[in-house]
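Each remark here refers to the structure printed beneath this line.
The values are calculated or read from the model by the stated rules, or taken from the named source; none is laboratory data. In this text the structure is predicted, and so the values were computed from the model without any measurement. FYI the Cβ positions are ideal-geometry reconstructions off the backbone, even for glycines, and counts take in every protein chain you see. Just so you know, the surface numbers come from the protein's heavy atoms only, side chains and all, with ligands and any DNA or RNA stripped out. Shrake-Rupley method; radii C 1.70, N 1.55, O 1.52, S 1.80 Å.
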Amino acid sequence: MLSSALINVMVKAARRAGRSLSRDLGEIENLQVSLKGPANFVSLADKRAEEMLYADLAKSRPGYGFIGEEGGNREGADKSHTWIVDPLDGTTNFLHGIPQFAISIGLRREGTIIAGVIYNPANDELYIAERGKGAFLNDQRLRVAGRRKLDECVVACGLPHIGRGDHELALREMAVLQNKVAGFRRFGAASLDMAFVAAGRLDGYWERNLQPWDMAAGQIMIREAGGVVSGIEGSDDPLKTGNVICGNEFVHGELVKILKAVGK
Ligand code: 2AM
Ligand code: CA
């Protein structure tokens, strides 16, 4: 079990914001049947969760910077530490009442992610990782899956949304991978996809055009679980390029090779 003052601060903040999202999810189930739908309500839920996270994290670690999906950049007096936070990853799932969404909190120190928490309040799955101390799901130590044959692997991807990204490229990537893997998945919450790779549930995952808050906590989760994370180029930093490939060393290498070839 991983417990440190830092992780405790992050977990407490994630759980409080998680209670708020859980209450809001109940309300969404009522709004779902209305003509207007719950979209505006969700964007409020999102902002409320981010404010809670900011308040809790800033109270415990005054001076740390804060980058959140909803509130943008808040500088702090301490220039070496920055929280990178997604208060609601998997917004479309949440909006539709699909219980695959999470709060994602990463802590960056001098350019390196040193701690991460990913929490899905819908099923109470809490993933934590701290540099050099391992990754855990609800107190159980995580290890990436060990498979070394692609045709035995279950792999997930993310797909570009309406009006974004390269849809044609995404289709070509899927067509090639579909022919090589045992199973193909698309869950819609990047942080949880990465957590699933860390937990050995998924053998691999890739997605393009993400934001740092989608991946910051996931990146350390996978590395602490013995996996490999990079951008699509194989050695680039996903937090800089916005593209991510992850898996065990073998699966990561295969995905890089295949996706690079498809992208040419
Ligand atoms: P979000 O739910 O916080 O927006 C789905 O493929 C994944 O992509 C989700 O983790 C989603 O995070 C993320 N994502 C990043 N940029 C997005 C965008 N412009 N529109 C929708 N989802 C986006
Ligand atoms: Ca997100």
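Points worth noting:
- Pairs over the 22 Å Cα-Cα cut-off, from the set LYS59/LYS79; LYS180/LYS260; LYS149/LYS240; LYS12/LYS59: LYS149/LYS240.
- Cα shape, the chain, gyration tensor, a/c 1.5 rule: oblate
- Counting DSSP beta bridges with both ends in the stretch 27-159, the antiparallel % (nearest 5): 85 percent
- Straight-distance candidates among the aspartates and glutamates for linking to LYS133, with alpha-carbon spacing under 15 Å and chain neighbours fewer than 8 residues away dropped: GLU224.
- For the chain, DSSP calls about 75 percent of its internal beta bridges antiparallel.
- HIS167 sits with roughly 90 Å² accessible to a 1.4 Å probe, with DNA, RNA and ligands left out of the calculation.
- Using the Cβ of GLY111 as centre and a radius below 12 Å, the other residues enclosed give a net charge of +2, where K and R count +1 and D and E count -1.
- Förster radius 30 Å - calculated FRET efficiency between LYS264 and ILE162 (Cβ-Cβ, nearest 0.05): 0.70
- Couplings 3J(HN,Hα) of the stretch 216-232, computed from phi: 4, 5, x, 4, 6, 4, 5, 4, 6, 8, x, x, 10, 10, 8, x, 5 Hz, in residue order, whole Hz [Karplus 6.51 cos²θ - 1.76 cosθ + 1.60, θ = phi - 60°; x for Gly and Pro].
- In this simple spin-label approximation, LEU44 and ARG143 carry label points 7 Å from Cα along the Cα→Cβ vector, and these lie 4.8 nm apart.
- Expected 222 nm ellipticity per residue - DSSP helices of 4 or more, -39500 (n - 2.57), all of the chain, to 500: -13000 deg cm²/dmol
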